[in-house]
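**Student:** This structure is in structure tokens; I'll ask about it shortly.
The values are calculated or read from the model by the stated rules, or taken from the named source; none is laboratory data. None of these values were measured; they are calculated from a predicted model. We place every Cβ from the backbone using ideal geometry, glycine too, and count neighbours over all the protein chains shown. In case anyone asks, the SASA skips ligands and DNA or RNA and just uses the protein heavy atoms, side chains included. Shrake-Rupley method; radii C 1.70, N 1.55, O 1.52, S 1.80 Å.
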Amino acid sequence: MIRKYSFGTPLPTDAVVLSLPTEKSPLPFFNLSRSGDQLILTRKLHPEDRIFGLGESVRGINKRGFLYRSWNTDIPHHQETTESLYASHNFLLFFGPESLFGLYLDDPGRITWDLGFTRMDTAVITSENGDLDLYLIEEDSLTEIARSFRRLTGRSYLPPRWAFGYIQSRWGYASEESVRAVAAEHRKRGIPLDGICLDIDYMENYKNFSWRKDAFPDLNRFSEDMRRDHLRLIPIIDAGICAEEGYTPYDSGKAGGFFCRKADGSDFRAAVWPGSCCFPDFQREEVRRWFGDLYQPLLEAGVEGFWNDMNEPALFFTDSGVEEAFRKAEEVKSGSADYEEMWMLGDAFSHMSNNPEDYRSFYQQVNGRQVCHEKVHNLYGASMTRASAEGFRRFDPEKRFLLFSRSSFIGAHRNGGVWQGDNFSWWSHLKLALQMLPNLNLCGFLYSGCDLGGFGQNVTEDLLERFLQLGVFTPLMRNHSALGTREQEIFRFSSWEIMRDTVRVRYALLPFLYSEFMKAALSDGMYFRPLAFDYSEDPRAAAVEDQLLLGESCMIAPVMEQNSAGRYVYLPEDMLLVRFRSPEDYDCLPLEKGDHWIPFSLREFPLFVRKNHPLLLCRDEECSESLDDHSFTALCWMNRDVSSDLYRDDGFDSDPVLSEHLTRFSLNLSGDCPGSVPGVAKFPIVL
Ligand code: GLC
């Protein structure tokens with residue numbers, strides 16, 4: 001049951017697709033108060049309450065015990081105490097002896113979620129806007145609440161099947177030759193690959209929708225050549241439009257009056273990669289149409305995937321910010337500043353970027369009204385994603401395109417996936433990536449993944465290998481790194497063969513993982529879930545913070561610690577451990593419910609499969625298009641006859657119907673089970 005409560009005059013967000021009547025009765029579960037414009041919700045927490053949700057945010061799967069802020073921020077150096085990341089996903093799920101409900105705040109402004117931070121026994125949620133729609137969802141289980149939330153907010157984005165292949169990316173591929181060389185090296189060494197991202201290096205002076213004719217002379221031909229080799233180019237598009245006369249997107253945007261404005265009516269400007277930029281007012285339909293159509297030449301050149309970046313929007317600095325910092329520097333220089341001001345001088349410069357003052361200084365048009373950007377800040381990336389997706393649909397409504405964005409808001413999950421923003425080559429960021437995944441799924445973002453290996457800092461071989469072992473299971477499997485860091489392509493490392501075999505396992509599992517993804521997406525389910533979802537009666541399972549359920553029958557438990565020779569795993573029921581080294585080299589070990597310490601050398605990683613549920617492996621290939629999704633090796637720990645469904649489609653159909661793409665198959669206990677482990681069947685099947 002979903003109930004809607006409205007406060008004040010909510011701003012439209014496009015997050016909700018169900019139209020519901022507004023409740024007149026008082027809001028249950030929370031005490032409600034006001035302080036100025038702010039709306040404050042307070043709830044006493046039971047010691048055993050857990051809180052899931054908030055999608056992309058720091059800390060554990062259970063969000064209890066910290067304070068988070070919905071305020072989309074470009075923050076590569078995030079740590080445990082960082083309150084805001086690149087996205088805001090305002091959905092929570094309360095789960096405990098006296099609670100089982102979901103709470104969604106449809107509010108694009110700043111929200112503080114004090115979930116037992118100030119007082120361990122109290123949750124205090126504060127909306128700065130104070131004007132919002134609030135939704136409460138009550139169902140019989142966590143899974144059903146998540147499903148109802150998706151019905152409220154709409155079906156998750158479906159990427160094309162090729163987007164489940166391995167993607168190589170790096171900021172710094174400065175020419176067509178360098179990209180071709182990276183592709184060739186993968187092919188030469190048998191490292192499977194489906195796509196290469198083009199970062200801002202391909203653009204002319206970092207201007208969107210342009211490309212450097214000296215280094216990338218003919219994008220059409222380049223893209224065609226890559227396609228012949230079963231590879232796709234995936235260019236980046238940033239939010240800001242370079243404010244330079246004679247540059248077509250700027251001229252057309254200016255002529256249309258499409259940019260965000262300051263109070264005096266002039267276009268708001270801030271520096272990003274190309275220098276001074278204007279920012280499309282994506283809240284307006286005609287602006288989205290204009291921006292979405294700017295992708296057209298690239299689509300015509302054969303590009304089938306994009307990543308949208310810097311769309312919090314990230315602001316490096318504004319003229320007024322620079323003036324203010326220099327004014328302070330002058331004061332210090334002239335001796336008129338006091339000791340504290342001198343001490344704070346560094347901050348005056350470092351706080352020039354993403355400065356709250358700047359976000360307060362411009363306006364967006366919402367329903368014909370000028371609204372301070374601050375009030376709709378968290379929608380910016382989501383609306384850019386919407387503009388792109390709408391453009392792709394106009395270009396070819398029948399086809400799925402790859403699109404993933406850095407910034408997002410609930411609602412954007414219908415139009416694209418997300419990557420988890422800039423991370424570091426840190427073990428702690430590997431664990432953080434895993435912990436975000438189920439909460440992103442809960443908020444609708446099924447197609448997601450992190451920068452494998454870490455974006456900033458220099459990766460080590462073992463860390464990259466462990467990142468890849470997580471990446472084998474994340475829908476977006478992309479290795480990405482920053483300019484100036486250690487080169488991070490698999491082939492750069494002495495242990496490249498181990499990493500290659502890890503990626504090969506992804507390809508052997510790809511049809512199975514794709515099937516699990518599509519079944520989840522098309523039934524408003526979750527691809528990754530916290531263990532609490534399926535084992536809500538088991539307190540041990542509910543507390544697990546470093547394992548995830550995957551699809552209908554699997555569980556992942558990656559090794560995420562430096563130098564560890566294995567790890568503890570809690571099995572909430574009897575499961576088959578498949579310990580992979582490569583697609584042809586793995587052990588199968590039936591394990592009973594309970595705690596296990598399992599050794600994993602650096603090259604080994606597990607997948608756990610429920611008893612009487614089959615896992616399908618195909619022959620790996622160098623790209624997803626070459627995979628044979630008819631012939632499989634079925635692995636199953638079984639003590640009865642088993643049947644299951646495999647989802648298959650052409651990989652592009654924009655509106656597939658789940659039931660039309662399922663192939664039912666059975667494994668019979670009495671059949672030929674030539675597996676060497678008693679009770680574990682391993683045999684070829686053709687579907
Ligand atoms: C941002 C993106 C990163 C990209 C870089 C250069 O930091 O998050 O992925 O490589 O900009 O475009």
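**Student:** Might you let me know whether the stretch 200-216 holds any residue that is touching a residue at least 40 places away in the same chain (Cβ under 8 Å), surrounded by 22 or more Cβ atoms within 10 Å (Cβ to Cβ) and away from the ligand (no atom under 16 Å from the Cβ)?
**Tutor:** No.
**Student:** Restricting attention to the stretch 128-140, which residues are on the phi < 0 side of the Ramachandran plot and in contact with a Phe, Trp or Tyr (Cβ under 8 Å, 6 or more places away or on another chain)?
**Tutor:** Asp131, Leu132, Asp133, Leu134, Tyr135, Leu136, Ile137, Glu138
**Student:** Could you run through the stretch 172-189 and say how many residues are within 16 Å of the ligand (Cβ to nearest atom), among the hydrophobic types (A, V, I, L, M, F, W, C) and out of contact with any strand residue (DSSP E or B) (no Cβ under 9 Å at 6 or more places or on another chain)?
**Tutor:** Number of matching residues: 1.
**Student:** Oh, and also: Just name the residue that is farthest from Asp238 (Cα to Cα) out of those in the stretch 277-318 that are part of a strand (DSSP E or B) and open to solvent by less than 10 Å² (accessible area, probe 1.4 Å).
**Tutor:** Filtering the stretch 277-318 for residues that are part of a strand (DSSP E or B) and open to solvent by less than 10 Å² (accessible area, probe 1.4 Å), the one farthest from Asp238 (Cα to Cα) comes out as Gly305.
**Student:** Still on this structure: What's the number of the only condition in (1) within 16 Å of the ligand (Cβ to nearest atom); (2) in contact with a helix residue (DSSP H, G or I) (Cβ under 8 Å, 6 or more places away or on another chain) that Ala314 fails to meet?
**Tutor:** (2)
**Student:** Between residues in the stretch 289-307 that are on the phi > 0 side of the Ramachandran plot and residues that are open to solvent by 60 Å² or more (accessible area, probe 1.4 Å), which pairs lie under 7 Å by C-beta distance while being six or more apart or on different chains?
**Tutor:** Sorted first by the residue in the stretch 289-307, then by its partner, the pairs are Gly302/Asn220; Gly302/Glu224; Gly302/Arg227.
**Student:** Can we say Ser428 is of a type in the set (S, T, N, Q) and surrounded by fewer than 21 Cβ atoms within 10 Å (Cβ to Cβ)?
**Tutor:** yes
**Student:** Take Asn439 and decide whether it is within 16 Å of the ligand (Cβ to nearest atom) and either open to solvent by 10 Å² or more (accessible area, probe 1.4 Å) or in contact with a Leu (Cβ under 8 Å, 6 or more places away or on another chain) (or both).
**Tutor:** no
**Student:** Something else now. Against the condition among the hydrophobic types (A, V, I, L, M, F, W, C) and more than 24 Å from the chain's Cα centre (by Cα), how does Leu132 come out, does it pass?
**Tutor:** Yes, satisfied.
**Student:** Further, regarding this structure: Of all residues in the stretch 601-657 being of a type outside the set (A, V, I, L, M, F, W, C) and at pLDDT below 95, which is surrounded by the most Cβ atoms within 10 Å (Cβ to Cβ)?
**Tutor:** Selected residue: Asp641.
**Student:** Same structure again: Of the residues Leu531, Leu577, Leu548, Leu571, only one is touching a helix residue (DSSP H, G or I) at 6+ places or on another chain (Cβ under 7 Å), crowded, with 20+ Cβ neighbours inside 10 Å, free of Cβ contacts under 8 Å to residues at least 60 places away in the same chain and among the aliphatic types (A, V, I, L, M); which?
**Tutor:** Only one candidate qualifies: Leu531.
**Student:** All but one of (1) of a type in the set (A, V, I, L, M, F, W, C); (2) more than 16 Å from the ligand (Cβ to nearest atom); (3) under 18 Å from the mean Cα position of the chain (by Cα) hold for Ile490; state the number of the condition that does not hold.
**Tutor:** Among (1) of a type in the set (A, V, I, L, M, F, W, C); (2) more than 16 Å from the ligand (Cβ to nearest atom); (3) under 18 Å from the mean Cα position of the chain (by Cα), the lone unmet condition for Ile490 is (3).
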